[in-house]
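*Asks:* After the structure tokens below, expect a handful of questions from me.
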Amino acid sequence: MQDHSDKKANEKAGYGTTGHEWDGIQELNTPLPRWWLWTWYASIIWAFCYWIAYPAIPMVSSFTKGVLGWSSREAVIADVQGLQTLRGPMTAKIEAASLADIEKTPELLSFARAQGAAAFAVNCSPCHGAGAQGSKGYPNLNDDDWLWGGSLDTIHTTLQHGIRWDADKDTRSSMMPAFGKDGTLKANEISATADYVRSLSGLPTDKGADLALGQSVFAANCAACHGDNGEGNQDVGAPKLNDKVWLYGSDKALIMERITLGGGGVMPAWSTRLDVPTIKSLAVYVHTLGGGQ
Amino acid sequence: MTHPISHSPSLWQRHQIFEKNSIILVIGILIAISIGGLVEVLPLFYLKSTIEQVDGIRPLTPLELTGRNIYVREGCYNCHSQMIRPLRDEVERYGHYSLAAESMYDHPFQWGSKRTGPDLARVGGKYSDDWHRDHLRNPRSVVPASIMPGYPWLEQNLVDLSHVSDDMAVLAAEGVPYSPEMIKAAISDAKTQGSADDASTATFAKRYPKAISRDLGGNVGRLTEADALIAYLQLLGTQVDFKLYDDKANIR
């Protein structure tokens with residue numbers, strides 16, 4: 001390898017070599033493209049400016065705060081406050097108005113429905129579906145079949161406190177017993193009851209189904225909550241059984257499964273996650289989906 | 001570019017010791033990278049303003065820890081972050097921005113950097129246990145447009161608690177405040193948390209304040225991997241009471 005000082009201009013390239021040579025092969029000292037070089041210098045200058053402008057350099061007990069005094073936490077607090085200021089007048093109106101008045105006032109209704117739709121998409125749609133159509137075990141909110149009541153107030157209460165959500169002491173807590181698992185009913189009784197439940201809404205029953213047994217078991221065990229004719233009871237969240245709307249499905253096997261396991265759906269209480277106006281907007285949104293009473 | 005010929009040792013000559021000796025080059029690289037790393041990492045350990053003490057953070061219960069291990073095993077972090085950044089849109093969607101203290105007992109933390117799915121930092125208490133079970137089995141059953149794969153084996157595999165005490169002992173050595181009593185009771189605590197009306201619920205609650213304790217699955221007495229994972233998911237982001245947390249006082 002040759003000495004650094006031994007560089008001479010390469011005749012063809014018109015500029016020097018690095019002075020490196022391996023077996024007669026020399027390395028050209030090709031200059032960097034100008035645009036690249038200047039961008040690089042500019043980046044270095046930018047970095048120094050950034051160090052001065054923004055929090056950057058660790059010191060003994062703290063760090064340099066930067067001449068702009070920017071802080072990510074301060075910035076997000078300001079941004080969120082800006083949003084609240086923007087929505088403020090309408091949010092205040094929503095907060096002050098009763099649920100019924102919100103629905104009656106077109107201006108408030110359109111705001112509540114817009115806010116409700118956004119909050120629904122983020123918080124409710126994973127269970128109730130993007131169109132509030134529900135799925136197995138998660139109620140459809142468009143129809144007029146309500147488990148815990150479809151009035152503005154009952155929807156609002158459900159949203160605030162959830163259903164069977166232990167962390168909220170005001171939650172709706174009644175639950176169907178596990179008739180099969182706990183041994184209250186025998187297999188033939190469960191089967192007969194499932195057939196009887198299907199007969200309530202006019203669905204065909206199994207051949208040789210013991211509807212008389214089913215009826216007596218139903219009267220003794222189910223009617224207290226679901227009503228003598230399966231009309232349901234919203235006070236305890238007992239679904240209507242004599243219509244064509246099914247939460248877990250109308251197959252006999254699915255009905256038997258519910259009788260065996262009991263229990264019921266769980267909905268979180270939203271009062272700890274969402275603010276008052278958002279929950280009110282959601283109540284209005286759900287109420288105006290089509291099934292509100 | 002041409003360089004003036006000089007008689008003092010040139011830059012190349014000073015540098016050639018690195019270029020001609022690979023060991024010295026490696027040592028040089030290590031020193032250069034270490035300086036960069038130390039300047040970025042070390043101050044975080046001594047700067048008071050970067051260390052935030054927050055009320056309510058407790059170590060994971062044995063069942064939650066087992067769930068966390070399943071979370072890592074299944075690679076959930078590949079698609080889900082656990083870090084709500086201090087940006088308006090994220091705070092609007094997911095809730096209060098994440099605090100460093102919320103992952104202080106995580107080794108390693110699961111902040112992640114990829115959001116194919118939503119952030120999970122505050123997913124705890126957002127959905128029911130049943131929803132998580134349905135969703136883990138087949139995400140499409142509850143969210144038709146979901147592209148998340150199903151994890152149906154989680155509710156079939158019984159949870160393996162044989163290593164949970166060892167895990168806790170290792171974490172204790174790393175500074176997580178697990179007491180010897182907690183480590184000793186690990187397996188029974190895990191079973192207690194996964195069942196309702198267990199006789200030892202009270203002592204469990206004393207060891208792990210505010211921990212949920214209920215039948216996580218439909219099948220009593222059968223503690224599955226899904227139960228452990230759900231216990232972990234239901235904890236995420238619920239430990240700090242943000243009604244008491246003072247945003248303004250904690251600007252740093």
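The values are calculated or read from the model by the stated rules, or taken from the named source; none is laboratory data. These numbers come from a predicted model, not from an experiment. Reconstructed Cβ throughout: ideal geometry from the backbone, glycine too, with neighbour counts over all protein chains shown. For the accessible areas, the whole protein counts, side chains as well, though only heavy atoms, and no ligand, DNA or RNA atoms are used. Shrake-Rupley method; radii C 1.70, N 1.55, O 1.52, S 1.80 Å.
*Asks:* Return yes when A:Thr184 is β-branched (Val, Ile, Thr) and within 30 Å of A:Ile102 (Cα to Cα) and no when it is not.
*Replies:* No; evaluated as a whole, the condition is false for this residue.
*Asks:* Still on this structure: Got at least one residue in the stretch B:219-231 being of a type in the set (Lys, Arg), surrounded by fewer than 18 Cβ atoms within 10 Å (Cβ to Cβ) and not in a helix (DSSP H, G or I)?
*Replies:* Taking every residue of the stretch B:219-231 in turn, at least one turns out to be of a type in the set (Lys, Arg), surrounded by fewer than 18 Cβ atoms within 10 Å (Cβ to Cβ) and not in a helix (DSSP H, G or I).
*Asks:* Still on this structure, I have one more. Looking at the stretch A:215-240 only, could you name the residues that are open to solvent by less than 80 Å² (accessible area, probe 1.4 Å), part of a helix (DSSP H, G or I) and closer than 26 Å to A:Trp146 by Cβ?
*Replies:* A:Phe218, A:Ala219, A:Asn221, A:Cys222, A:Ala223, A:Cys225, A:His226
*Asks:* I would also like to ask the following. Which helices (runs of 4 or more DSSP H) does the stretch A:94-208 wholly contain that include 1 or more residues that are aliphatic (A, V, I, L, M) and more than 14 Å from chain B (Cβ to nearest Cβ)?
*Replies:* A:99-104, A:106-119, A:152-161, A:187-200
*Asks:* Yes or no: B:Val176 more than 13 Å from chain A (Cβ to nearest Cβ), hydrophobic (A, V, I, L, M, F, W, C) and crowded, with 16+ Cβ neighbours inside 10 Å?
*Replies:* yes
*Asks:* Further question: Could you grab me the full set of residues in the stretch A:18-54 that are open to solvent by 100 Å² or more (accessible area, probe 1.4 Å) and touching a residue at least 12 places away in the same chain (Cβ under 8 Å)?
*Replies:* Hits for the stretch A:18-54 are A:Trp22, A:Trp51, A:Ile52.
*Asks:* Pairs needed: first member in the stretch B:122-144, facing chain A (nearest Cβ under 7 Å); second member anywhere, buried (at least 20 other Cβ atoms within 10 Å of the Cβ) and of a type in the set (D, E, K, R); C-beta distance under 7 Å; at least 6 residues apart or different chains.
*Replies:* Pairs found: B:Ser141/B:Asp134; B:Val142/B:Asp134.
*Asks:* Please tell me if B:Arg207 is closer than 25 Å to B:Leu120 by Cα, of a type in the set (D, E, K, R) and open to solvent by 20 Å² or more (accessible area, probe 1.4 Å).
*Replies:* no
*Asks:* Which one is nearest to the other protein chains (Cβ to nearest Cβ), of the residues in the stretch A:55-71 that are out of contact with any Lys or Arg (no Cβ under 8 Å at 6 or more places or on another chain) and open to solvent by less than 70 Å² (accessible area, probe 1.4 Å)?
*Replies:* A:Pro58
*Asks:* Against the conditions (1) free of Cβ contacts under 8 Å to residues at least 40 places away in the same chain; (2) of a type in the set (Ser, Thr, Tyr); (3) open to solvent by less than 40 Å² (accessible area, probe 1.4 Å), where does A:Thr105 fall short? Just the number, please.
*Replies:* Of everything listed in (1) free of Cβ contacts under 8 Å to residues at least 40 places away in the same chain; (2) of a type in the set (Ser, Thr, Tyr); (3) open to solvent by less than 40 Å² (accessible area, probe 1.4 Å), A:Thr105 misses just condition (3).
*Asks:* So, one more: Does A:Glu74 fit the bill of being open to solvent by 40 Å² or more (accessible area, probe 1.4 Å) and touching a residue at least 40 places away in the same chain (Cβ under 8 Å)?
*Replies:* Taking the combined requirement at face value, the residue does not satisfy it.
Residue-by-condition table, conditions (1) touching a helix residue (DSSP H, G or I) at 6+ places or on another chain (Cβ under 8 Å); (2) within 14 Å of chain A (Cβ to nearest Cβ); (3) closer than 30 Å to A:Ser72 by Cα:
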residue	(1), (2), (3)
B:Asp198	yes, no, no
B:Arg207	yes, no, no
B:Asp215	no, yes, no
B:Asp227	yes, no, no
B:Ile230	yes, yes, no
B:Thr238	no, yes, yes
B:Asp247	yes, yes, yes
B:Ile251	yes, yes, yes
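*Asks:* Follow-up question, since we're still on this one. Search the stretch B:82-120 for residues being of a type in the set (Phe, Trp, Tyr) and away from every other protein chain (no Cβ under 14 Å), and hand back the single one that is least open to solvent (accessible area, probe 1.4 Å).
*Replies:* B:Tyr105
*Asks:* Hey, another quick one. For the stretch A:241-277, which residues satisfy the criterion of being among the hydrophobic types (A, V, I, L, M, F, W, C), under 30 Å from A:Arg113 (Cα atoms) and not in a loop (DSSP other than H, G, I, E, B)?
*Replies:* Passing the criteria: A:Met267, A:Val276.
*Asks:* Residue by residue through the stretch A:244-284, note down the ones that are more than 10 Å from chain B (Cβ to nearest Cβ) and open to solvent by less than 30 Å² (accessible area, probe 1.4 Å).
*Replies:* If the condition is that a residue be more than 10 Å from chain B (Cβ to nearest Cβ) and open to solvent by less than 30 Å² (accessible area, probe 1.4 Å), then A:Gly249, A:Ile255, A:Ile259, A:Gly262, A:Pro277, A:Thr278, A:Ile279, A:Lys280, A:Ser281, A:Leu282, A:Ala283, A:Val284 are the ones that fit.
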